[in-house]
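**Q** Please read through the structure below; I'll follow up with questions.
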Amino acid sequence: MASKGLPTSLEKVRSSARAVRSQGADSGFAKRPDSPQPVERTETGNFALFRSDLPSSDPLHFFIAARWELMGPVMLMMMVAMGLLSVSYPGLLPSACGLVAIMLCLASPIFARWEQALHHTAWQRYPLMLLAVAAPMGIFGFGTVRWSQYSPDFDLALMVNSFVILMLVAAALLQGRTTSIIGATLALWSSGTFVSRSFGAVVLLALGGCLALYLGVRQSRIARREADRLAEREKEQRRAEELLNEYEQTGQGWFWETDRRGQIVYVSPRIAQLLDKPLEELEGRPFTSLFVLQGQQQESERTLVFHLSTRSSFQDLSVRAATDEEEERWWSISGRPVLDQFNNFMGFRGSGTDLTETRKSQQHVTQLARFDSLTKLANRFQMSEWLEKLLNSPRIDSRSCAVFLLDLDRFKQVNDTMGHPAGDALLVQVADRLRSTVGNMGRVGRLGGDEFQVLLPGHHQREGLAHLARRIIENLSQPYSIEGSRVVIGASVGISVCPDDGTTSEAIIRNADLALYAAKGGGRGRHHFYDEDLHSDAQERQQLEQDLRDAIAEGALELHYQPQVRTTTEQITGFEALLRWNHPKHGYMSPAKFVPIAEETGLVGQIGEWALRTACRDLATWPDDVRVAVNVSPLQFANPALPAIVTSAIASSGIAPGRLELEITESVFLGDDNSTEAMFSSLKGVGVRLALDDFGTGYSSLGYLKKAPFDKIKIDQSFVRGATVTGSRNGAIIASIVSLAEALGMETTAEGVETLDELELVRKLGCSHVQGYIYERSLTAEEATRRLEEGLIAEARGPRSARAARQTMLRKVVLDHESHSYHATIRNISRTGALVEGLWNVPAGTRFAIHLAENCVVVAEAQWCKEDRMGVKFARSLEIDAKGAVVFTPPRPPREKKETAVLRKAG
């Protein structure tokens, strides 16, 4: 409630209402103190309706005054005075008249109580008035006139003066009761007329009576209007008092008033309760003592002290209450200066409301507007605000900063397989780890989804930023426990630095985003600094995305098929469908380049359904004992409509369900919840076969094999590659996988077999099927059909063993042969040999000592020579580092067994 809405005087309203209540009762009757008789309340417009006790001296409604009995002693004194002044004694009749008049006046309280018992509009009140007021005056006047006639010494002037005095006393006692005064006056003065019986006097008396009647009626109307006005005023005062009391008692607000010195004159009792102080103690204290003003941030430049000192009005000023409560309490106060009729300052008067809940709501709204509701980290708006504040710093050297953009790897799979509640729980744990990793070095925020941002103020060395990025990736890649399941995700980080990579927030964020995309494109789980070349890469990716959409719309995607051969019979049992895209400009593109784009843009579902229907349609033209395997992405697997799509593809092509094999990766088990089991059950209900693809390269748990109804396990080519190399453990891993599959009643397929040595190894280890270049490269649908027409027998064709990996270089070396030295250049090198350029027509079998580096000499033998190039084979394999690069160090000599010294105990 604003102060301008307060009454002119709060205390006046309160005192008036208290006076009214103190006189009232709760009954439906109004009583006067000297009359126990109840008077029933009247309708609206009756003054007594709004007052619980009508005073007996009310001149507006009662003809007979409570003090009219005093007129009796006055009449007695007037008779004594007239007798003394006229030196005469009244006769028997004047004395009797005086006695009767005095007795009637003394009986006025009885008449007043009778009148109180009547309604104020009842006609019976008028006879009572005539009997109690007019009759005594008329009888007294008649007696006085007769006295003046009988006594020759009684002066007429004495009688007139006596009547005047008597009327003055009557007017004073009747207290403005016009009707009663008129009646008393007419009765007093008419007595002489009746005695004299003069015609003129009678006429004058009649005229006076008419005038009195008019004045009485007029006064009655005036009295009614005045009564209505007073009733309405008191009604408004009572309503105002009730509203003010309710306003205070319900805690909606409170009122205050100060004097000209700023000391409290009035304050609502509720404030005293909140401050835990007696109300009397607060009165007289400074108004500012109710608040905590020091150290308080004012929303306006003009504080409470300013307004009080300048005597200016204020509205909705927020102040903190000086309470002893643990939780802060805030008030909103309004006030205005109070001036008297001479414009002298008298103090302040105003109101206040509790602002605590409003401030809490405002803080909550601010929390929602500036913080992420799930992780409690800063949101995109606040992170942008912080970055802008840094970049707009007055000092140039304070504008340096670094921005990390983070994206969680495989989070979408968790969200799709385990549900959004599990994804939210994972985001909360990620936020906690990220916050603890960054610590006080910078600020952490969540931009939305699985995207996070780190802002590091100040200048930082790139080595330090790279170290922090590696720590973030390492910490976020540790396993999580979500709803009792073990979940593993990763993170990719893009880094941009100000001012090296931009000076505006838009440039910094854009470049960090480009670096993030480069990090994800480089294999995920790594960090990448912004580089100018990333702009062209981003444009290339955008163009590639558009080309991919056009290819889908135009049907430019292709399916190629690579045979799967049974190792025992070397017969083709099926094909794996491989996605291919013949780009109009770049030719055939690797799926590793465009499939991630399809996953990110949501096109993988559309492509997957097309591949499934196309493979079934091609399979329908092949022999019945040939199957086809189609890859199913985790996003497709999470789609509840997948069984219906598979059923529709099978039905439209007319193939047996058992001829279709769906290859599923381990990542679908990140959730391992009921929906995953239900999906497996639905697919097996359709009748298709299920194969576990890329076994051992993803989700590191074997528990899912107990429930998942797989028919086949596919051994990833990373285990096959290098399995024949001496000292490799891949062979043992393949043997373990085969044993596990046989124990579970599953077939095995070794992928990526390219050499005869690898074929012999996987066949020896028990793999049931082989897939790779050793039998056939991928074929188009037409080529696969022609291949099947030739028969199902497959023939292994390929090199005996795989050539060691080669490292391209241009390295100057010296070759010693007998007593001659030759300068040449190594073009590429591996652990077992090299391509040497610079010597012509070297016969095969020629031996050289090649100086690769200082103190690093290897013996090599020429294998072939063409023009100035020859291939040499090292007599002993070279060392390689962890990255597979050749290390130019002297070969380690073979260890020689030494005789072990026998130590004997002396003595």
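The values are calculated or read from the model by the stated rules, or taken from the named source; none is laboratory data. Worth saying up front: this structure is predicted, and the values here are computed from it rather than measured. Positions of Cβ are generated from backbone atoms using ideal geometry, with glycine treated the same way; all protein chains shown enter the neighbour counts. For the accessible areas, the whole protein counts, side chains as well, though only heavy atoms, and no ligand, DNA or RNA atoms are used. Shrake-Rupley method; radii C 1.70, N 1.55, O 1.52, S 1.80 Å.
**Q** Just to be sure I understand the filter: pairs with C-beta atoms under 6 Å, separated by 6 or more residues or on different chains, first member in the stretch 718-731 and assigned by the TED database to the domain that holds VAL762, second member of a type in the set (A, V, I, L, M, F, W, C) and surrounded by 20 or more Cβ atoms within 10 Å (Cβ to Cβ). Which pairs pass?
**A** From residues that are assigned by the TED database to the domain that holds VAL762, the pairs are PHE719/ILE734; VAL720/ALA750; VAL720/VAL753; ALA723/LEU761; THR724/LEU761; ASN730/PHE719; ASN730/ALA723; GLY731/ALA723.
**Q** Take the residues in the stretch 172-182 that are small (Gly, Ala, Ser) and open to solvent by 40 Å² or more (accessible area, probe 1.4 Å); name whichever of them is farthest from GLY209 (Cα to Cα).
**A** Here the answer is ALA172.
**Q** Continuing with the same structure: Of all residues in the stretch 563-572 being part of a strand (DSSP E or B) and open to solvent by 20 Å² or more (accessible area, probe 1.4 Å), which is farthest from GLY766 (Cα to Cα)?
**A** Within the stretch 563-572, the match that is farthest from GLY766 (Cα to Cα) is GLN571.
**Q** While we're looking at this one, here's another question. So which residues in the stretch 476-512 are open to solvent by 50 Å² or more (accessible area, probe 1.4 Å), of a type outside the set (Val, Ile, Thr) and under 16 Å from ASP407 (Cα atoms)?
**A** If the condition is that a residue be open to solvent by 50 Å² or more (accessible area, probe 1.4 Å), of a type outside the set (Val, Ile, Thr) and under 16 Å from ASP407 (Cα atoms), then GLN478, ARG510 are the ones that fit.
**Q** Next up: For the stretch 552-561, indicate whether the set of residues that are assigned to a helix (DSSP H, G or I), open to solvent by less than 40 Å² (accessible area, probe 1.4 Å) and in contact with a Phe, Trp or Tyr (Cβ under 8 Å, 6 or more places away or on another chain) is non-empty.
**A** Yes; the residues of the stretch 552-561 include at least one that is assigned to a helix (DSSP H, G or I), open to solvent by less than 40 Å² (accessible area, probe 1.4 Å) and in contact with a Phe, Trp or Tyr (Cβ under 8 Å, 6 or more places away or on another chain).
Table: residues versus (1) in contact with a Pro (Cβ under 8 Å, 6 or more places away or on another chain); (2) closer than 15 Å to SER492 by Cβ; (3) small (Gly, Ala, Ser).
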residue	(1), (2), (3)
ALA518	no, yes, yes
GLY523	no, yes, yes
LEU544	no, no, no
ASP550	no, no, no
VAL565	no, no, no
ASN582	no, no, no
ALA592	no, no, yes
GLU599	no, yes, no
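**Q** Turning to a different aspect of this structure: Answer yes or no: is there a residue in the stretch 521-534 that is closer than 25 Å to SER384 by Cα, hydroxyl-bearing (Ser, Thr, Tyr), touching a residue at least 24 places away in the same chain (Cβ under 8 Å) and touching a Lys or Arg at 6+ places or on another chain (Cβ under 8 Å).
**A** No, there is no match, as no residue in the stretch 521-534 is closer than 25 Å to SER384 by Cα, hydroxyl-bearing (Ser, Thr, Tyr), touching a residue at least 24 places away in the same chain (Cβ under 8 Å) and touching a Lys or Arg at 6+ places or on another chain (Cβ under 8 Å).
**Q** Would you call ARG197 among the charged types (D, E, K, R) and modelled with pLDDT of 75 or more?
**A** So ARG197 does not fit the description; no.
**Q** In the stretch 209-254, what count of residues is obtained for those that are in contact (Cβ under 8 Å) with a residue 24 or more places away in the chain, open to solvent by 40 Å² or more (accessible area, probe 1.4 Å) and in a loop (DSSP other than H, G, I, E, B)?
**A** Number of matching residues: 1.
**Q** For the subset of the stretch 117-164 comprising residues that are open to solvent by 80 Å² or more (accessible area, probe 1.4 Å) and either outside the structural domain of LEU188 (by the TED database) or not hydroxyl-bearing (Ser, Thr, Tyr) (or both), which member is farthest from PRO90 (Cα to Cα)?
**A** The selected residue is TRP123.
**Q** Among (1) surrounded by fewer than 21 Cβ atoms within 10 Å (Cβ to Cβ); (2) more than 26 Å from GLU600 (Cα to Cα), where does LEU468 come up short?
**A** Result: LEU468 fails condition (1) only.
**Q** Now a separate question. When you look at ALA849, is it surrounded by fewer than 16 Cβ atoms within 10 Å (Cβ to Cβ) and modelled with pLDDT under 90, yes or no?
**A** Here the answer is no, as ALA849 does not meet what is asked.
**Q** Still on this model: Just checking, how many residues over the stretch 519-550 are of a type in the set (A, V, I, L, M, F, W, C) and either open to solvent by 70 Å² or more (accessible area, probe 1.4 Å) or within 25 Å of HIS467 (Cα to Cα) (or both)?
**A** 3
**Q** Right, next: On the given criteria, is TRP114 of a type outside the set (Asp, Glu) and buried (at least 18 other Cβ atoms within 10 Å of the Cβ)?
**A** So TRP114 does not fit the description; no.
**Q** While we're looking at this one, here's another question. Of everything in the stretch 402-431 that's over 13 Å from GLN453 (Cα atoms) and among the hydrophobic types (A, V, I, L, M, F, W, C), which residue is surrounded by the fewest Cβ atoms within 10 Å (Cβ to Cβ)?
**A** VAL428
**Q** List every residue pair whose Cβ atoms sit under 6 Å apart, with the two residues 6 or more apart in sequence or on different chains, where the first one lies in the stretch 853-871 and is in contact (Cβ under 8 Å) with a residue 12 or more places away in the chain and open to solvent by 40 Å² or more (accessible area, probe 1.4 Å) and the second, anywhere, is assigned to a strand (DSSP E or B) and not charged (D, E, K, R).
**A** Listed by first residue and then by second, the contacts come to VAL857/ALA849; VAL857/HIS851; VAL859/ALA849; GLN863/GLY871; TRP864/GLY871.
**Q** Could you tell me whether the stretch 698-718 includes any residue that is open to solvent by 10 Å² or more (accessible area, probe 1.4 Å), more than 30 Å from GLY423 (Cα to Cα) and part of a helix (DSSP H, G or I)?
**A** Yes; the residues of the stretch 698-718 include at least one that is open to solvent by 10 Å² or more (accessible area, probe 1.4 Å), more than 30 Å from GLY423 (Cα to Cα) and part of a helix (DSSP H, G or I).
**Q** For the stretch 315-342, name all the residues that are open to solvent by 80 Å² or more (accessible area, probe 1.4 Å), modelled with pLDDT of 90 or more and touching a helix residue (DSSP H, G or I) at 6+ places or on another chain (Cβ under 8 Å).
**A** none
**Q** For residues that are open to solvent by 30 Å² or more (accessible area, probe 1.4 Å) and among the polar types (S, T, N, Q), scanning just the stretch 785-828, find the one that is nearest to GLU854 (Cα to Cα).
**A** SER821
**Q** Please work out which one of (1) out of contact with any Lys or Arg (no Cβ under 7 Å at 6 or more places or on another chain); (2) modelled with pLDDT of 90 or more; (3) not hydroxyl-bearing (Ser, Thr, Tyr) is the condition GLY352 fails and give its number.
**A** Here GLY352 clears every test but (2).
**Q** Of the residues SER398, SER351, which is open to solvent by 20 Å² or more (accessible area, probe 1.4 Å), farther than 30 Å from PHE680 by Cβ, of a type in the set (S, T, N, Q) and not assigned by the TED database to the domain that holds THR676?
**A** SER398
**Q** Among what's in the stretch 268-314 and is within 24 Å of ASN245 (Cβ to Cβ) and among the polar types (S, T, N, Q), pick the residue that is modelled with the highest pLDDT.
**A** Within the stretch 268-314, the match that is modelled with the highest pLDDT is SER268.
**Q** When the residues of the stretch 632-671 are narrowed to those that are polar (S, T, N, Q) and farther than 26 Å from SER485 by Cα, which ends up least open to solvent (accessible area, probe 1.4 Å)?
**A** Filtering the stretch 632-671 for residues that are polar (S, T, N, Q) and farther than 26 Å from SER485 by Cα, the one least open to solvent (accessible area, probe 1.4 Å) comes out as SER653.
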